[in-house]
Amino acid sequence: MSEIRKFKKKGNDLALRLIGLHLHSMDANISKNLKPGWYPFGKYPEPSNGFVEVPPISDIAANLYKASYKSPMVTVGCIVGKNGAGKSSLLDIFYRIVNNLAYMLSSYKKMPIPTRLSYANGVNADLYYVCDGKLNRIECAYEKVSVYREGIWGNMSKIQISNSNFDMILRGFFYTIAVNYSIYSFNEDDYDYRSIDVTDSLDVNGKWLEGLFHKNDGYMTPITIVPYRTHGAIDIKSENELAHQRILVFSLLFLAKRKQFPYGYRPKYVSFKLRKNYQKETWYKFLESHKEWDYSVLENFRAELDDVWEDFVSGDLVAVFGQDSEMYKLVLFYLSYKSLKICLTYSDYYDQLGLEALKEKGGKVNHESDEYLNAYLPMIAERVVAKIRELPINHITLKIHQCLDYIKRLDPRTEARENAYTFISRFPAKSYEEVFLHLMYPSFFDMDIEYVRVEKVKAGRYEAFERDSNTSFELSKMSSGEKQMMYMVSYVIYHLNNIQSVDSDKYRIPYHYVNLVFDEAELYYHPEYQRRFVAMLLESLNAAGIDKRKIRSVNILIATHSPFILSDVLTENTLYLSEGNPVRVDKQTFGANYYDMLRSSFFFTNSPIGDVAAKAMKRWIQSAQRKGKTPSAEIMRMVGDSFIANYLLNIEENVQDS
């Protein structure tokens with residue numbers, strides 16, 4: 001195979017595709033039961049001299065998952081195999097490689113607020129992927145990370161990891177959103193051991209995971225893992241609270257588009273109520289989490305921001321709430337508090353404090369910075385607010401602009417419950433961001449939504465209408481499977497909207513390609529939800545209004561045991577694992593019969609019924625054959641398989657024939 005081929009960029013070639021992982025010898029605590037070799041995420045040939053000849057995507061295959069011409073291109077693949085086959089181990093190696101690339105890049109990038117990344121030791125593997133029509137290879141050989149990219153004529157050129165190449169490398173990379181709700185996954189303690197490999201005697205631990213749960217770097221690090229965990233544990237209360245607002249936005253967006261989220265339900269009522277003690281509780285929590293700063297500096301800075309914001313919004317605030325009212329003060333507090341929080345969280349806003357200039361003048365930031373800030377706070381506050389008010393709006397400033405929009409609505413109510421259709425009629429929202437910005441209330445309100453079940457009723461041969469139940473209920477009353485689906489989808493859309501809002505600056509680049517990974521995808525799902533899993537994802541991506549000019553392609557990788565999910569995925573886009581080895585499966589899975597797939601794609605070789613039932617059936621058949629008569633009526637009532645029941649009913653003839 002030639003290393004060189006002429007490169008021509010075509011529409012379908014611009015799709016993001018994970019090609020595979022080439023594993024080299026490494027400690028078994030990392031590779032687990034995976035053997036050294038080539039693990040392709042589909043039918044891709046093994047690398048030759050660091051190069052893979054990637055076949056093009058046909059027009060038919062390219063259009064399987066594309067909802068409309070306005071949508072990003074979508075590719076879907078699977079990893080399947082029995083428990084212990086190596087699916088999660090392979091994904092862990094993938095996460096480590098991406099983490100290590102990000103760590104190396106960030107080490108060269110001078111950041112006022114450094115990332116919380118740690119290097120994942122012990123990895124010896126290569127990641128191959130196609131992005132923007134070019135083959136790329138990330139080599140992670142223990143402590144060394146190297147980047148290679150296909151050139152104009154197909155040759156693979158090395159790109160030196162450095163500050164000057166920071167943008168170039170990440171522009172040819174992708175952002176990964178990894179979703180895994182398994183309670184046994186990502187426990188940092190499970191990754192701890194002392195490597196005894198002769199080539200790499202380093203401590204290996206799960207500390208690197210910590211940096212992948214935090215997304216306060218403005219999406220510079222190209223991966224996040226959801227939901228958030230602390231030492232492997234998911235805070236369910238926090239998870240519910242964070243998911244609540246996302247789901248409200250998504251449900252209202254689907255309602256505006258005359259669709260259902262979740263399927264079978266419709267928002268009936270929307271309610272909001274002012275949160276008691278919001279200012280006191282929020283400010284106390286903020287100060288506790290920023291103890292490295294002098295208390296008086298933070299208080300003074302917020303007061304100055306308060307004054308600057310008041311100059312911009314006081315007219316509308318007085319018209320709605322009156323001068324010096326509690327709501328007047330609360331809104332100003334929210335704007336100043338959010339502005340201050342942004343300054344201490346994101347590097348490009350931290351620059352507005354001018355602390356780097358103080359360093360250059362010989363000042364000590366940890367001492368003299370307090371004096372500097374207090375002296376220049378009015379000027380700094382003006383600069384910060386001016387930057388926040390700049391357009392376009394992004395995920396960093398979205399909540400502040402939401403509050404500014406709320407002020408312009410001139411809505412004096414602090415509590416209400418109204419019909420959902422009436423609620424969304426105020427603004428013709430067509431995207432997730434528009435619903436959040438123009439319809440939702442700021443965080444100092446509690447919002448809730450009540451649903452009704454919906455069914456389609458046949459009216460005639462060609463007509464049907466929807467009928468909803470009379471009883472409405474809140475999100476908390478839904479089943480675990482329904483919540484799981486809504487949490488997962490809303491997480492993905494939330495991050496996609498944030499990613500597409502990122503513009504280039506000296507610390508970040510906009511990602512045009514996104515990789516979605518779903519491990520243990522079918523958790524909590526009824527087979528019908530599993531059957532519609534891929535369709536629900538695609539419908540959600542389409543409804544969210546993802547701009548294909550910003551996010552050009554989305555790759556979806558699903559690790560699953562479900563034939564219902566695999567029925568929506570082409571076998572040529574699937575990695576089959578058996579006892580730690582990739583296995584070739586030629587039988588097509590797309591649109592295939594579920595039972596056939598259990599045998600051909602999931603290595604299901606035993607009885608098609610439960611093991612206890614299979615053993616009981618065997619005993620009953622053997623006993624009936626010995627006695628030459630049909631089992632008792634009680635046993636016959638227990639036999640669910642019609643073929644076995646018919647055999648036992650005619651046991652005398654069957655015994656004579658044999």
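Within the chain, which complete DSSP H helices have Cα atoms spanning at least 20 Å along the helix axis and a mean Kyte-Doolittle hydropathy of -1.0 or higher?
Helices meeting the criterion: 87-108, 236-256, 295-321, 326-343, 365-388, 480-500, 611-627.
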Check your understanding: How much of the accessible area of the chain, probe 1.4 Å, is carbon plus sulfur, in whole percent?
Key -> 50
Revision key, fill the gap. Once both label points are put 7 Å beyond Cα along the C-beta direction, the residue 627-residue 479 separation in nm becomes 4.0
**Study point:** Principal axis box of the chain, alpha-carbon based, largest edge first, Å
**Key:** 103, 67, 47
Review point. What whole number of Å gives the distance from the Cα centroid of the range 368-411 to the Cα centroid of the range 280-346?
Key: 10
Exercise for review: Run the dipole for the chain about the Cα centre, Lys and Arg Cβ at +1, Asp and Glu Cβ at -1, nothing else charged, and hand back the magnitude in debye, nearest 20.
Suggested key: 1960
Check your understanding: Given the pairs 285/329; 280/506; 158/207; 32/483; 87/158; 134/550, which span a C-alpha to C-alpha distance of over 24 angstrom in this model?
Key -> 280/506; 158/207; 32/483; 87/158
Practice item. Note down the nm distance, to one decimal, between modelled labels 7 Å out along Cα→Cβ at residue 158 and at residue 184. Key: 4.2
**Study point:** Rough spin-label spacing in nm, given labels placed 7 Å along Cα→Cβ, for residue 116 and residue 63
**Key:** 4.7
**Study point:** Top positive-direction residue, dipole computed over the chain with Cβ charges, set 563, 234, 509
**Key:** 563
Study note, to complete from the structure: Along the range 23-29, Karplus-curve 3J(HN,Hα) (6.51, -1.76, 1.60; θ = phi - 60°) to the nearest Hz, with x for Gly and Pro, reads 8, 10, 4, 8, 4, 5, 5
Study note, to complete from the structure: Packing-ranked peptide list from 449-455, 133-139, 405-411, highest mean Cβ count within 10 angstrom first, is 133-139, 449-455, 405-411
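What chymotrypsin sites (Phe, Trp or Tyr not before Pro) does the range 123-194 have in DSSP loop regions with at most 15 other beta carbons within 10 Å?
On the way: sites: 128, 129, 142, 148, 153, 166, 173, 174, 175, 181, 184, 186, 191, 193; in loops: 142, 153, 173, 174, 181, 184, 186.
Listed in order of number, the matching sites are 153, 184.
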Study note, to complete from the structure: Restricted to the chain, the DSSP antiparallel beta bridge percent, nearest 5, is 65
Exercise for review: Using R₀ = 45 Å, calculate the FRET efficiency as 1/(1 + (r/R₀)^6) where r is the Cβ-Cβ separation of residue 295 and residue 422; round to 0.05.
Suggested key: 0.50
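Can you work out the accessible area per residue across the range 464-545, with the rest of the protein chains kept in place, probe 1.4 Å, in square angstrom?
For the range 464-545, the per-residue accessible area is 37 Å².
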**Study point:** Sequence-distant residues sharing a close amide H with residue 19 (under 5 Å, placed H)
**Key:** 128, 129, 130
Point to revise | Charge tally in the Cβ shell below 14 Å around residue 627, where Lys, Arg are +1 and Asp, Glu are -1, residue 627 excluded | key: +2
Exercise for review: Counting only heavy atoms of the protein chains, get the accessible area per residue of the range 79-146 (1.4 Å probe) and round it to a whole Å² value.
Suggested key: 30
Check your understanding: Placing +1 at every Lys and Arg Cβ and -1 at every Asp and Glu Cβ, with all other atoms neutral, what dipole size does the range 124-245 have around its Cα centre, in debye to the nearest 20?
Key -> 500
Practice item. Using a 1.4 angstrom probe, figure out how much accessible area the range 195-310 has per residue, in square angstrom, rounded to the nearest whole. Key: 47
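The values are calculated or read from the model by the stated rules, or taken from the named source; none is laboratory data. All values reported here derive from a predicted model rather than from experimental measurement. For neighbour counting, all protein chains shown are included, and Cβ atoms are generated from backbone atoms with ideal geometry for every residue, glycine included. Areas reflect the complete protein model, heavy atoms only, side chains present, ligands, DNA and RNA absent. Shrake-Rupley method; radii C 1.70, N 1.55, O 1.52, S 1.80 Å.
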